[in-house]
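These notes are about the structure you will find just below.
The values are calculated or read from the model by the stated rules, or taken from the named source; none is laboratory data. None of these values were measured; they are calculated from a predicted model. For neighbour counting, all protein chains shown are included, and Cβ atoms are generated from backbone atoms with ideal geometry for every residue, glycine included. To get the accessible areas, we keep the full protein, side chains included, count just its heavy atoms, and leave off ligands, DNA and RNA. Shrake-Rupley method; radii C 1.70, N 1.55, O 1.52, S 1.80 Å.
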Amino acid sequence: IVVLVLFIRVMSFNRIIRRKNIAATKAINDLIAYKEQLSYLLKTRQEKVSDGDDGFDEDDHKMFMRLEQRIISEQLFLKPKLSRDDVIAILGISKNRFASLFTKYSGKSFNRYINDMRLDYAAEQLKKNTAYSVEAIAADCGIPVRQTFYRLFTEKFGLTPAEYRRLSADGGADD
């Protein structure tokens, strides 16, 4: 009887966890879609914002947008050894100005910004390329160390890559 009761409780908790994981996967996909929409809007909409008390500098903003567009279009974020110095060389600006650009216009450090792009790319690849191993996708997205990939993915999305893939395949992560 005790074993039966424990079994029933475990199954009940398992269903609850599965529902939460499906909901988390759906939220992840919604956020990725929202991020893509925002990125599209920022690129297509050239809204004039005057210099004001908020510290907005149109030249710096344009420079950041050019940099972001280049990182995305050339998929520089997929390079495992992409460094600040590589990107600084592309822009031809000082390290201090580069750091302030990233902090001001992305709200993140350079490493966090690049890793977020890699993880978004990895999430899409996990859904699309089910024949590839998680480790192959991790290496493909620029994070070749398995443990680092799992840690970063779990921190960002709240699921391991394998859980995310399984839930996406089960239909819980439909767009």
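So here's what we get for this one:
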read-out: From the options Ile93, Ile114, residue that is within 12 Å of Leu67 (Cβ to Cβ), open to solvent by less than 30 Å² (accessible area, probe 1.4 Å) and not in a helix (DSSP H, G or I); value: Ile93
read-out: Which listed residue, of Ile143, Ile137, is modelled with pLDDT of 90 or more and either in contact with a strand residue (DSSP E or B) (Cβ under 6 Å, 6 or more places away or on another chain) or not in a helix (DSSP H, G or I) (or both); value: Ile143
read-out: Test: residue in region 124-134 that is more than 18 Å from Ile71 (Cα to Cα), charged (D, E, K, R) and surrounded by 16 or more Cβ atoms within 10 Å (Cβ to Cβ); value: yes
read-out: Residue ID - modelled with the lowest pLDDT, chosen from residues in region 40-75 that are surrounded by 12 or more Cβ atoms within 10 Å (Cβ to Cβ) and in a loop (DSSP other than H, G, I, E, B); value: Phe56
read-out: Tally, over region 110-164, of residues that are within 16 Å of Ile72 (Cβ to Cβ), free of Cβ contacts under 8 Å to residues at least 60 places away in the same chain and among the acidic types (Asp, Glu); value: 1
read-out: Subset tally (residues that are loosely packed, with under 11 Cβ neighbours inside 10 Å and assigned to a helix (DSSP H, G or I)) for region 76-90; value: 2
read-out: Residue match in region 19-38 (condition: open to solvent by 80 Å² or more (accessible area, probe 1.4 Å), at pLDDT 85 or above, out of contact with any Pro (no Cβ under 8 Å at 6 or more places or on another chain) and more than 24 Å from Tyr121 (Cα to Cα)); value: yes
read-out: Test for Ser100: is it open to solvent by 50 Å² or more (accessible area, probe 1.4 Å), touching a Phe, Trp or Tyr at 6+ places or on another chain (Cβ under 8 Å) and polar (S, T, N, Q); value: no
